[in-house]
Structure formats: C-alpha cells, structure tokens
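One structure below.
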Amino acid sequence: MSDGAADGKGVAVRLDKVSFSYGEALFAFDVGFTATQITAIMGPSGSGKSTLLNLVAGFETPRSGRVLIGTADVGGDPPAMRPVSMVFQENNLFAHLSVQQNVGLGRSPSLRLTEADHADIAGALARTGLAGKEKRLPRELSGGERQRVALARVLVRDRPVLLLDEPFASLGPALRDDMLDLVASLHAERGMTVLFVTHQPQDARRIAQKVVFLDNGTIAATGTSEDFFAGAGPEAFRRYIGAGA
Ligand code: ADP
Ligand code: MG
C-alpha cells in the first residue's frame, strides 16, 4: 500500500468548517482526507457526496469555512488552478475530439503539445489499455473505454488529488472490478490522495482504506474501511450498506 509521500506529492485535503447551500439544501462539512490514501465517500442519494467533491474541485464555493489542499487555502482558486483532477459518472469527454486529443487536454487545454507530451500521452494510453484507439471518437468507444480515456487524462494531468464521482456506476460488475483495479494500481504508482464517491459497498471495500459516511448534508461518521466493513461502523452505516445501498 502506498503510504508515504516519497515523491513529495502526497497532500491531505481538508474542508475546515465549510458551509454551503443550494436554496433549502444545507451542507456543513468539517472533515479531513488522509494524504495518499483512497477514501470512499458514501451515503444516501442527495446526502451531499457530489457537492463535497465540487467544493474541493472548485465548481462550488463555500459560504463560509476553508478548503485546504496540503497547506494551501484554495478557496479562491478557479477549478483549473487547483491541484486536482476529477472523473464523473459520464460525459467526461468532448464528443468531437479524438481519444488522443481528449487525453491531451489533461496536459494542455489548448492542445499545444510537445514531443514529450505526446510521449506521455502514448504512455497513458498504453497504461489504460487504449493503445490503437488514439484516433477514435468517444461515440466509437464502449462505456468502459470512455472511462479509461478519462483515467488516461488524469494520468497526463498528473495532479496529487483525484476526485472520482461514481465513475463506474454505469458499468457492469466485471468491468467495474477491472476499472477499480486500474484505479488502485494507478494510486499505488502515484500516491494520489483519492476521494472516491460510490454507492457500492463492494467497490469501496475493494480499493478504499478509509470511509467517510454522509447523511443529510453533513459528515455522519468516518473510519477505516477495515472497521466499517467488518461491521464496526455506526448503526446508520450498517443499515445503509445492509440495504444494498
Ligand atoms: P449526492 O451526490 O449525495 O446524491 P448531491 O451533492 O448531488 O448529493 O446533492 C445534495 C442535495 O443538493 C440534493 O438535495 C440536490 O437536490 C441538491 N443539489 C445538488 N446540486 C444542485 C444544484 N446545482 N442546484 C440546486 N440544488 C442542488
Ligand atoms: Mg452525486
């Protein structure tokens, strides 16, 4: 297991007394995510999982409190400036751009790429099993391949924090395991701090070391996945996973 910031890139993420609202929907997040670990963020639909990631990514701005990545308060930074990459459930790709270009965007938003960039892109495509598909458009790929392209883009973007918002929820179980194992091995190689939103207890159990359980816009419980999946978590969490989530 990757535990240390041997390469100096491991950073913790902290929401420090963050409050936020969408009209009537209120959120209060005070929680830290351990550097270089994978934390599963779980909780019922509407509990605020995507909102939490969007606050870290900078797609939403807290009403009060601070968002810290490492020691930096990134609260005022636009998403592109933050040391994060994000993969969504779907619509990660630009439909009119090839696989190679979609991955290249991770390196340069204007696709002005050097030879070294092209070499890194080729490496990321090989690593994610996409060699030979460089020229394809997203509509010419399977759902699993499209999510691989999104992961290849994360690799060339090379940021220390990875935000995954139910990235494999639309895939079947076998393909999902395959993708989770890919995430776990990328994580082991790079030591990224990963916030992994999932509804699937077996997926969290497969790759996450920590669990953060949300309920109704707040952090209801946190713990190690070892404890939580051995049944040592709070009653509400046991009920949640027992209900098949
Ligand atoms: P989750 O990802 O856990 O399902 P979300 O963070 O997406 O939950 O949403 C939490 C709550 O905030 C929900 O009640 C949802 O309806 C509301 N919400 C989410 N996004 C928006 C938005 N852009 N505008 C207004 N309300 C929103
Ligand atoms: Mg969501």
(message) If I filter the range 54-71 down to residues being free of Cβ contacts under 8 Å to residues at least 24 places away in the same chain and within 16 Å of the chain's Cα centre (by Cα), which single residue comes out as farthest from ligand 2 (Cβ to nearest atom)?
(response) 59
(request) Among the residues of the range 89-117, write down those that are of a type in the set (D, E, K, R) and assigned to a loop (DSSP other than H, G, I, E, B). (result) 90, 107, 112
(message) Being in contact with a Ser or Thr (Cβ under 8 Å, 6 or more places away or on another chain), away from ligand 2 (no atom under 16 Å from the Cβ) and closer than 22 Å to residue 87 by Cα: is that true of residue 183 here?
(response) no
(message) Whether any residue in the range 169-176 is small (Gly, Ala, Ser) and within 26 Å of residue 29 (Cβ to Cβ) is what I want to check.
(response) yes
(request) Give the residues of the range 159-180 that are open to solvent by less than 30 Å² (accessible area, probe 1.4 Å), within 16 Å of ligand 2 (Cβ to nearest atom) and either among the hydroxyl-bearing types (Ser, Thr, Tyr) or farther than 13 Å from residue 202 by Cα (or both), sorted by residue number. (result) 163, 164, 165, 167
(request) Give the residue that is modelled with the lowest pLDDT, with candidates limited to residues of the range 62-82 that are open to solvent by 60 Å² or more (accessible area, probe 1.4 Å) and more than 21 Å from residue 153 (Cβ to Cβ). (result) 76
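Matching residues to (1) exposed (fewer than 12 other Cβ atoms within 10 Å of the Cβ); (2) modelled with pLDDT of 95 or more; (3) closer than 30 Å to residue 241 by Cα; (4) aliphatic (A, V, I, L, M):
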{"position": "11", "(1), (2), (3), (4)": "no, no, yes, yes"}
{"position": "16", "(1), (2), (3), (4)": "no, yes, yes, no"}
{"position": "48", "(1), (2), (3), (4)": "no, yes, yes, no"}
{"position": "84", "(1), (2), (3), (4)": "no, yes, yes, yes"}
{"position": "96", "(1), (2), (3), (4)": "yes, yes, no, no"}
{"position": "102", "(1), (2), (3), (4)": "no, yes, no, no"}
(message) Being within 16 Å of ligand 2 (Cβ to nearest atom) and touching a residue at least 12 places away in the same chain (Cβ under 8 Å) narrows it down to one residue among 51, 34; which is it?
(response) 51
(request) Check whether at least one residue in the range 149-156 is within 16 Å of ligand 2 (Cβ to nearest atom) and in contact (Cβ under 8 Å) with a residue 60 or more places away in the chain, and report yes or no. (result) no
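The values are calculated or read from the model by the stated rules, or taken from the named source; none is laboratory data. What you are looking at is a predicted structure, and each value in this text was computed from that prediction instead of being measured. Positions of Cβ are backbone-derived with ideal geometry, glycine not excepted, and every protein chain shown enters the neighbour counts. Note: accessible area is taken over every heavy atom of the protein model, side chains too, but ligands, DNA and RNA are not part of it. Shrake-Rupley method; radii C 1.70, N 1.55, O 1.52, S 1.80 Å.
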